[in-house]
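Structure first, commentary second.
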Amino acid sequence: MAGRIVEEALTRVKSIVPAIDEIVVDQVVMGLGYTGVRLSDGHSGLCYTFQNEIAHATRRCQVSDLAGTLAGTPALTLAEKAKSWEIRESVVGFATLNALSQIVIEQKLEDYTILNGDVINHIALTKEDVAALVGYIGPLVPHIRAKVKKLFILERASTRREEGILPDTACDQILPLADVVLITGTALVNGTIDHLLELTTNAREVVIIGASAGILPEVLFERGVTVVGGVKIMDANKMMQIVSEGGGTPALKSAVQFISIKPKTKN
C-alpha cells in the first residue's frame with residue numbers, strides 16, 4: 001500500500017539499521033488475527049492479518065502463494081512488500097518493517113517518552129471535545145465516550161448500528177471537525193493513513209493505536225501525530241505461538257507490553 005509514510009519509513013530504516021543486508025527473516029506466521037515476523041537478530045514485529053479482505057480479494061480461502069519461500073529471505077526484501085497493493089504481501093511487509101523499526105527505536109530511545117499501559121490513559125480528553133475514532137476498537141469506545149462531548153466512529157463497511165457509527169467515507173467531513181482523532185494502525189497497512197492525517201490538522205491530539213503501529217514513529221510525529229499506542233514484544237517465541245494458534249489482542253497480552261510513545265519535548 002505505497003504511500004509517503006511507508007516510503008519514508010523504509011528509507012530511514014535502510015539508512016539507520018546497522019548491517020541491514022545481513023538480517024534475514026527466521027520465521028513468518030500468518031495467523032487468523034495477526035501476522036508475526038521474527039528476524040535473525042531476535043527482533044520481531046506484528047501486523048493485523050486482514051483475513052476478511054484477503055479472502056474477498058482472492059475469492060477463495062485464505063491461502064498464501066508465498067508459503068515456503070519466506071523464511072531465510074533478507075528482511076529488507078520482505079519489508080519492501082509493505083508498499084504492495086496486494087494485501088497478503090503488504091501484511092507480511094508491514095510485520096517485517098515493524099520488526100526492523102524496533103531496532104531504530106531502541107537506538108533512539110532518548111528521542112522518545114515511552115509510557116506503559118493503555119494509550120487511553122496517556123491522552124487528554126475533556127467534556128468539551130469532539131472525538132473521532134477511525135476503525136472500531138470496541139474496548140475503547142465506552143472509555144472515550146464517557147470523557148468527551150461527542151464521539152464519531154468511522155468504520156469501513158460497518159454493519160453496526162450503535163450511536164455515532166458512520167461509514168469511513170465520512171472521514172473527509174468529520175475529521176477536520178475533531179479535537180481528538182484516534183486511528184487504528186491498520187490504516188498504515190491499507191494505504192489510507194496519509195490522507196487521514198491530512199484531514200487531522202485541526203486536532204489537538206492525533207493518536208495511532210494498535211499492534212500494527214510498530215513503524216518508526218518519527219514519520220508519524222512529523223505529520224502531526226502526538227501519540228503512538230502500540231506494543232513492545234517481550235517474548236517473541238510466545239508471541240509467534242499465539243499468532244500461529246489464531247490468537248488476537250487479548251491472547252497477546254501474555255507476550256507483549258502495551259506502550260505509548262510520544263516525542264520527547266525539547267527545551
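The values are calculated or read from the model by the stated rules, or taken from the named source; none is laboratory data. Note that the structure is a prediction, hence the values are computed from the model and not measured. Here Cβ is always computed from backbone atoms with ideal geometry, including for glycine, and neighbour counts include all displayed protein chains.
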Failed item, numbered, when ASN116 is tested on (1) under 23 Å from PRO263 (Cα atoms); (2) surrounded by 14 or more Cβ atoms within 10 Å (Cβ to Cβ); (3) among the polar types (S, T, N, Q): (2)
Residue in the range 196-216 that is of a type outside the set (A, V, I, L, M, F, W, C) and farther than 20 Å from LEU133 by Cα present: no
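Of the residues that sit in the range 216-267 and are acidic (Asp, Glu) and not in a helix (DSSP H, G or I), which one is nearest to GLU198 (Cα to Cα)?
Filtering first and then ranking leaves GLU222.
Yes/no matrix, rows are residues, columns are (1) surrounded by fewer than 16 Cβ atoms within 10 Å (Cβ to Cβ); (2) more than 16 Å from SER101 (Cα to Cα):
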{"residue": "ILE165", "(1), (2)": "no, yes"}
{"residue": "ALA178", "(1), (2)": "no, yes"}
{"residue": "LEU196", "(1), (2)": "no, yes"}
{"residue": "SER212", "(1), (2)": "no, no"}
{"residue": "ASN237", "(1), (2)": "yes, yes"}
Out of GLU22, GLU8, sole residue that is exposed (fewer than 15 other Cβ atoms within 10 Å of the Cβ), at pLDDT 95 or above and not hydroxyl-bearing (Ser, Thr, Tyr): GLU22
Odd one out for LEU177 among (1) closer than 16 Å to GLY210 by Cβ; (2) of a type outside the set (D, E, K, R); (3) at pLDDT 95 or above: (1)
Enumeration of residues in the range 192-224 that are among the hydroxyl-bearing types (Ser, Thr, Tyr) and either closer than 25 Å to LYS14 by Cα or within 14 Å of the chain's Cα centre (by Cα) (or both): THR192, SER212
Test for GLU205: is it of a type outside the set (A, V, I, L, M, F, W, C), more than 18 Å from LEU252 (Cα to Cα) and without any contact (Cβ under 8 Å) to a residue 12 or more places away in the chain: no
Number of the exception - LEU182 against (1) in contact with a helix residue (DSSP H, G or I) (Cβ under 9 Å, 6 or more places away or on another chain); (2) under 26 Å from VAL6 (Cβ atoms); (3) at pLDDT below 95: (3)
